[in-house]
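Here it is: the structure, laid out below.
The values are calculated or read from the model by the stated rules, or taken from the named source; none is laboratory data. Every value quoted in this text rests on a predicted model; they were computed, and no experiment measured them. Please note: Cβ atoms are built from the backbone with ideal geometry, for glycine as well, and neighbour counts cover all protein chains shown. Each accessible area value is taken on the protein alone, full model and side chains, heavy atoms only, with ligands, DNA and RNA left out. Shrake-Rupley method; radii C 1.70, N 1.55, O 1.52, S 1.80 Å.
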Amino acid sequence: MSSVDRFQEILTGSWKTQALYAAAELQIADFLAQGPKTAEELAAVSGSHPPSLRRLLLALCSLEICKERADGAFELEPMGELLQKDNPDSLRAWTQWWARYLGPVWERLLDSVKTGESGRKLLYGTEGFEHLQRDPVAAATFSQAIAELTRLHIKDIVRAYDFSEAKWIIDLGGGTGELLLEILQNQPSASGILFDLPSGIEHAKSRFDKTDLAGRCELVAGDFFASVPRGGDLYLLKSILHDWNEAKSLRILENCRRAMEPKARLLVIEPVLPEKRGASAGDQALSRSDLTMLVAHGAKERTDSEFQSLLGSAGFSLARTIAAGPAFSILECHPALPGESR
């Protein structure tokens with residue numbers, strides 16, 4: 001592929017996002033999971049214009065979401081199953097979140113680069129997750145999207161770290177509790193607290209009700225900018241600090257430090273940026289995530305040295321960094337002792 005062709009592919013790539021989003025909203029994968037259907041049949045059940053839907057379906061064929069059979073009906077491809085609502089590996093909510101809610105703020109990237117402010121703040125005047133408190137549909141979509149993304153990585157995280165010595169685990173900002181549930185399922189002697197905003201806890205209740213672990217996990221609503229629960233021997237912050245600027249991240253960490261006993265441990269589970277980046281798929285994924293944090297929250301992904309500086313300012317020492325699959329690292333921290341190097 002020539003440089004011009006590659007550039008064109010990058011520049012116009014958003015058409016793929018919109019095609020996947022339209023398929024997700026129209027529930028194309030769910031209908032096709034019931035069996036092959038023609039464009040006319042799919043149009044009837046999805047409330048679509050048949051000729052236009054056929055054009056979308058042909059585009060989805062080019063993306064390996066579905067394929068057209070010799071008889072003219074369409075059937076689902078394996079990758080298309082990721083758009084099924086009830087598929088255990090579903091990314092339907094993430095598709096909806098990315099296209100519907102992140103798309104408009106991405107359009108303000110230039111303004112974010114010029115000002116350092118989030119595109120969401122510039123566009124809507126809201127910061128952090130204020131918008132979720134005002135919009136129940138957005139809150140439900142976000143909660144499900146984060147659960148879907150977490151499921152992609154929890155096996156790697158649980159394999160990478162030995163949780164066997166932890167008896168009381170506190171997952172801060174843990175959403176629907178996917179990570180904590182996985183840990184508790186693998187550690188029968190452990191118990192825990194899932195701590196999140198009231199909206200997050202509300203969505204977590206239905207998730208925990210479907211398991212036999214409810215008796216070993218307490219669901220607590222709160223605000224980690226105010227305080228966090230005491231008494232844990234292991235605290236988890238997965239994909240939390242990258243949502244916040246330095247001052248707010250420091251406040252979260254300081255509240256963790258105040259709640260922790262000297263022998264407790266904190267796991268910060270996040271991507272760690274390399275000091276320099278190339279053109280690999282991994283570097284592109286990190287760059288996408290970093291810029292997403294900028295436009296969505298006025299925040300960022302961090303390098304190892306940036307993490308060490310932030311953790312040291314909050315009174316933590318970084319004991320070790322553990323790779324947890326291709327996307328995440330686990331930074332194991334402990335409260336710094338008087339005179340200890342941070």
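Taking the conditions exactly as written (at pLDDT 95 or above, under 26 Å from E182 (Cβ atoms) and over 23 Å from the mean Cα position of the chain (by Cα)), does R320 satisfy them or not?
yes
Shifting gears a bit: Which is touching an Asp or Glu at 6+ places or on another chain (Cβ under 7 Å) and closer than 30 Å to A279 by Cβ, of L20, L11, L83, L91?
Going through L20, L11, L83, L91 in turn, just one is touching an Asp or Glu at 6+ places or on another chain (Cβ under 7 Å) and closer than 30 Å to A279 by Cβ: L91.
When the residues of the stretch 96-130 are filtered to those that are without any contact (Cβ under 8 Å) to a residue 60 or more places away in the chain and closer than 23 Å to D171 by Cβ, which remaining residue is least open to solvent (accessible area, probe 1.4 Å)?
To start, the set of residues in the stretch 96-130 that are without any contact (Cβ under 8 Å) to a residue 60 or more places away in the chain comprises 97, 101, 104, 107, 110-111, 114-115, 122-126, 130.
Remaining after also requiring closer than 23 Å to D171 by Cβ: 97, 130.
Values: W97: 12, E130: 80 Å².
Looking at residues that are without any contact (Cβ under 8 Å) to a residue 60 or more places away in the chain and closer than 23 Å to D171 by Cβ, I get W97.
So E218 clears everything in (1) surrounded by 19 or more Cβ atoms within 10 Å (Cβ to Cβ); (2) over 28 Å from A327 (Cα atoms); (3) of a type in the set (D, E, K, R) except one condition, right? Which one?
E218 satisfies all of (1) surrounded by 19 or more Cβ atoms within 10 Å (Cβ to Cβ); (2) over 28 Å from A327 (Cα atoms); (3) of a type in the set (D, E, K, R) except (1).
Rundown of residues vs (1) of a type in the set (F, W, Y); (2) more than 19 Å from H242 (Cβ to Cβ); (3) in contact with a Lys or Arg (Cβ under 9 Å, 6 or more places away or on another chain), yes/no style:
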position: Q133; (1), (2), (3): no, yes, no
position: S164; (1), (2), (3): no, yes, no
position: T211; (1), (2), (3): no, yes, no
position: F224; (1), (2), (3): yes, no, yes
position: V228; (1), (2), (3): no, no, yes
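Okay, moving on. Residues being assigned to a loop (DSSP other than H, G, I, E, B) and closer than 25 Å to P36 by Cα: count how many of those fall in the stretch 62-117.
Residues that pass the stated criteria total 17.
Please specify each residue of the stretch 70-93 satisfying the condition of being open to solvent by less than 80 Å² (accessible area, probe 1.4 Å) and either in contact with a His (Cβ under 7 Å, 6 or more places away or on another chain) or over 18 Å from L57 (Cα atoms) (or both).
Selection gives N87, S90, L91, A93.
What is the residue count in the stretch 246-297 for residues that are open to solvent by 40 Å² or more (accessible area, probe 1.4 Å), in a loop (DSSP other than H, G, I, E, B) and touching a residue at least 12 places away in the same chain (Cβ under 8 Å)?
Looking only at that region, the number is 5.
Take the residues in the stretch 197-215 that are more than 17 Å from E148 (Cβ to Cβ), among the aliphatic types (A, V, I, L, M) and at pLDDT 85 or above, then tell me which one is surrounded by the fewest Cβ atoms within 10 Å (Cβ to Cβ).
Filtering first and then ranking leaves L197.
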